[in-house]
1. Working carefully through the options I118, I122, find the one that is within 13 Å of the ligand (Cβ to nearest atom), within 20 Å of A187 (Cβ to Cβ), surrounded by fewer than 23 Cβ atoms within 10 Å (Cβ to Cβ) and at pLDDT 95 or above.
2. Which of (1) buried (at least 21 other Cβ atoms within 10 Å of the Cβ); (2) in contact with a Ser or Thr (Cβ under 7 Å, 6 or more places away or on another chain); (3) among the hydroxyl-bearing types (S, T, Y) does T203 not meet, given it meets every other one?
3. Provide a single number: the residues in segment 133-161 that are away from the ligand (no atom under 15 Å from the Cβ) and either aromatic (F, W, Y) or within 23 Å of L108 (Cβ to Cβ) (or both).
4. If the requirement is being modelled with pLDDT under 95, within 23 Å of G46 (Cα to Cα) and surrounded by fewer than 24 Cβ atoms within 10 Å (Cβ to Cβ), which of these qualifies: G90, G99, G112?
5. In segment 150-170, is there at least one residue being farther than 25 Å from A302 by Cβ, within 18 Å of the chain's Cα centre (by Cα) and in a strand (DSSP E or B)?
6. Taking the options G69, G20, G112, name whichever one is within 13 Å of the ligand (Cβ to nearest atom), small (G, A, S) and under 27 Å from A187 (Cα atoms).
7. Given (1) farther than 14 Å from Q280 by Cα; (2) touching a residue at least 24 places away in the same chain (Cβ under 8 Å), identify the lone condition not met by A248.
8. Consider segment 228-283. How many of its residues are part of a helix (DSSP H, G or I) and either at pLDDT below 95 or over 22 Å from V192 (Cβ atoms) (or both)?
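The values are calculated or read from the model by the stated rules, or taken from the named source; none is laboratory data. Remember, predicted model here, so these are calculated numbers, not experimental data. Using ideal geometry, Cβ is built from the backbone for each residue, glycine included, and neighbour counts are taken over all protein chains shown.
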Amino acid sequence: MALQTRLTRLLGIRHPIIQGGMAWTATWELAAAVSNAGGLGIIGAGQMPTDLLREQIRNAKAATSEPFGVNLMLMTPHIDDIVAMVLDEGVPVVTTGAGNPRKYMADLHAKGIKVLPIAPSIALAKRLEEAGADAIIGEGMEAGGHIGELTTMVLTPQLVDAVSVPVIAAGGIADGRGIAAAFALGAEGVQVGTRFMCAEECTIHPDVKARVIKAKDRDSVVTGYSTGHPVRVLKNKLSRQLEELDRANEPEQIEALGAGKLALAMRDGECDNGSVMAGQCAAMVDRIQPAAEIIREMLDEAEAVMSALAARVTA
Ligand code: TUI
């Protein structure tokens with residue numbers, strides 16, 4: 001069984017697995033490994049300086065001849081510069097988070113770039129489809145980092161009903177059961193972030209990978225509700241301080257305390273005072289593996305689950 005969908009055809013990829021474009025985490029090494037394994041690797045632009053991102057794109061181009069993408073974090077102050085560079089450089093796919101990419105859509109499409117925005121709600125997804133999105137990534141609040149309010153289980157089928165472009169399910173998917181479940185809900189692809197944090201090719205600090213592997217079911221928490229930009233992280237000293245500030249309704253102090261803390265974790269390995277953004281499914285990640293092995297395992301399991309499910313309901 002090969003899992004081919006409108007999404008795999010749209011993007012020209014072999015498998016319907018997109019790697020999350022995690023800021024400070026998803027560098028060209030990981031993106032190229034995922035793309036070479038038949039998924040869609042994504043470079044996470046985050047707040048990266050434009051020149052550094054250009055270098056990342058060039059490195060990815062040299063390391064893979066397969067399609068790959070760049071995730072644009074739309075809250076980034078220099079996002080206009082980044083988009084201008086991406087247009088100049090040319091990449092096959094752009095995913096976007098934390099906003100609506102409407103004003104860039106025509107320029108991106110004119111360069112033949114496929115645009116896959118992330119939507120945490122139905123109303124936004126409809127607006128994104130109207131704006132020309134080629135597919136919609138529906139991200140549930142199980143995901144790590146900046147999240148919406150709905151779970152993947154509830155968001156995905158509603159998205160499938162609300163838009164006619166392909167829907168990619170994200171948030172809480174770390175194994176083949178998750179892929180099978182997402183497909184059952186009508187998704188035509190999945191986006192996987194947290195499990196790829198523990199890919200061998202992911203360049204984050206090894207102590208962060210160890211934290212993800214150690215995480216149990218209730219080890220993540222959502223902080224920053226009072227800022228309007230809630231963020232899921234693994235619990236640590238910083239998350240407890242942020243929760244305290246949330247209770248005191250001090251959004252400015254939360255922004256100030258949170259600044260620079262993602263890099264402190266991912267680059268420097270500071271797992272107590274840094275922001276260890278990861279999804280609930282960190283609890284389901286138990287080892288470091290090559291990206292290609294992660295993809296193979298997830299696909300094999302998805303196919304086995306789908307067959308077993310069919311047998312179970314017809315028995
Ligand atoms: O963007 C993400 N996840 C992220 S971005 C990020 S970087 C960061 N660094 C420091 C502090 C905070 C963030 C870490 N994780 N996921 C995609 C996503 N997009 N989740 C939610 C949204 C979203 C929210 C509102 C998308 C669109 C949106 O639109 C508002 C509007 O109506 O324009």
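1. The unique qualifying residue is I122.
2. Only one criterion is unmet by T203, namely (1).
3. Matching residues across segment 133-161 total 1.
4. Criteria check complete, one pass: G99.
5. No, the conditions are met nowhere in segment 150-170.
6. Working: G69 fails: within 13 Å of the ligand (Cβ to nearest atom); G112 fails: within 13 Å of the ligand (Cβ to nearest atom).
Every option except G20 fails the conditions.
7. Of (1) farther than 14 Å from Q280 by Cα; (2) touching a residue at least 24 places away in the same chain (Cβ under 8 Å), only one is false for A248: (2).
8. Residues meeting the conditions: 22.
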